[in-house]
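First up is the structure itself, then whatever we jot down about it.
The numbers here are math on the coordinates, done by the rules we state, and not lab data. No experiment lies behind these values; they were computed from the predicted model shown. Cβ atoms come from the backbone with ideal geometry, glycine included; neighbour counts cover every protein chain shown.
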Amino acid sequence: MSVDPKYRIKNLVAYALTLVKKDNDSTSASCIILYEGGPETLGDLFDTYDVVVTVGDPSGKPERHIQEVPEHHPQAYPVNVLTIDKYSSGVLVCTGSRMQHNCRERIEFALDGTKETAYRVRIVNSKEGQKVVGGITIWETVYMIKHTDM
Amino acid sequence: MLDPTRFISEYGEEVTLRSRSLDTDNRATVTGWPPVTWTESEIMMYVEQKSTKLLDAGGGMINEVRLRGYVIESLSQEDQVVVRGATYKVEMKPEPFAEGGTVIYYGLMLLEVAA
């Protein structure tokens, strides 16, 4: 049985997150990556973590038809990277927007550097934004990560 | 005015509270979700029927039943209560009702956990 692509992408992004630093570029940020739909609220997660990443359910369509038979069935998985401004003793230690940049660098490096013969992963689309929800200002980037079995 | 504590004791009913705990130190390997455990106890709650809706979940119909509950104890969001055999979850953070700066009782929005 092949490896679950969602779990594979989660592990690749999790590795990238281990290299993310806080604003001072030396202290490692505490990051967590989860499947969407877990039992915790974002407020609970941001009490403990600087960066919260969730992996959602995929969408896709068959590609490269030869005589109407598809060669590949790629699926694009949404990966949401969420950050907020975090303070320690009144000092801003993680700036939400800057943490987005730090995460993007690491995730792009980790995914673009994946060279496997059994599968390909790449970022096909990303959308950044900021929203105020429940009294929290959240910076969010949604990466659509395409996984194709070779 | 009737004391809220006495009102809930006299006009409320005994329900089973299932308090939720998340073991965030032992997250699941695949999903990253913490395991959920439940601790049961009995409390008094004054219950009001709030709403019942029949919704199309796309593939079937589902009943959505909401209650309003009033309790003395502080519950947490996502705790569950069993009211007359049906299980409801505390949908939102409980609302505290205070007098003179002291919380006397809490209001809860309960959503039936469909079987």
Next on the checklist: Over all directions, the average projected area of the alpha-carbon convex hull for the stretch B:1-65 comes to how many nm²?
Outcome noted: 8.1
Checklist outcome for this item: Mean shadow area (nm²) of the C-alpha convex hull around the stretch A:1-86 is 7.6
Item to check | Degrees between helix A:5-17 axis and first principal axis of chain A (Cα, 0 to 90, nearest 10) | outcome: 40
Item to check | Only Lys, Arg (+1) and Asp, Glu (-1) charged, at Cβ; the protein assembly as shown dipole about Cα centre in debye | outcome: 920
Item to check | Histogram of C-alpha separations across chain B, 10 Å bin width, % | outcome: 13, 38, 30, 16, 3, 0
Checklist outcome for this item: In the stretch B:59-96, the trypsin sites (Lys or Arg not before Pro) that sit in a DSSP loop and have at most 14 other Cβ atoms within 10 Å of their own Cβ are B:Arg84
Checklist entry - How large is ³J(HN,Hα) for each residue in the stretch A:96-110, as worked out from phi by the Karplus curve 6.51 cos²θ - 1.76 cosθ + 1.60 (θ = phi - 60°), to whole Hz, x for Gly and Pro? => result x, 5, 5, 5, 4, 5, 4, 5, 4, 4, 6, 5, 4, 5, 5
Item to check | the protein assembly as shown: C-alpha pair distances exceeding 28 Å, % | outcome: 52
Next on the checklist: Under 10 Å, Cα contacts only: if you run a Gaussian network model on chain A, which one of A:Asn24, A:Asn102, A:Asn125 comes out with the highest mean-square fluctuation?
Outcome noted: A:Asn24
Checklist entry - Whole-Å semi-axes of the stretch A:41-150's equivalent ellipsoid, largest first, each the root of 5 times a Cα gyration tensor eigenvalue? => result 34, 15, 10
Checklist outcome for this item: Expected vector for the stretch B:80-97, Karplus 3J(HN,Hα) from phi with 6.51, -1.76, 1.60 and θ = phi - 60°, integer Hz, x for Gly and Pro, equals 10, 10, 9, 10, 6, x, 9, 9, 10, 10, 6, 6, 10, 4, x, 8, x, 10
Checklist outcome for this item: The farthest towards the positive end of the charge dipole of the protein assembly as shown, of the residues A:Ser97, B:Leu54, A:Ile66, given +1 on Cβ of Lys and Arg and -1 on Cβ of Asp and Glu, is A:Ile66
Checklist outcome for this item: For the stretch A:90-131 the GluC sites (Glu not before Pro) that pass both the DSSP coil test and the at-most-16 other-Cβ-within-10 Å test are A:Glu116
Checklist outcome for this item: If every Lys and Arg gets +1 and every Asp and Glu gets -1 at its Cβ, then about the Cα centre the stretch A:31-150 yields a dipole, in debye to the nearest 20, of 320
Checklist outcome for this item: GNM on chain A, Cα springs under 10 Å; top mean-square fluctuation among A:Ile136, A:Ile123, A:Ile84 goes to A:Ile136
Item to check | Calculated from backbone phi, Karplus (6.51, -1.76, 1.60) coupling profile of the stretch A:68-84 in Hz, x at Gly/Pro | outcome: 6, 10, x, 8, 10, 10, x, 10, 9, 9, x, 10, 9, 9, 10, 9, 9
Item to check | For chain B, with +1 on Lys and Arg beta carbons and -1 on Asp and Glu, the positive-most of B:Leu67, B:Val82, B:Thr29 along the dipole | outcome: B:Thr29
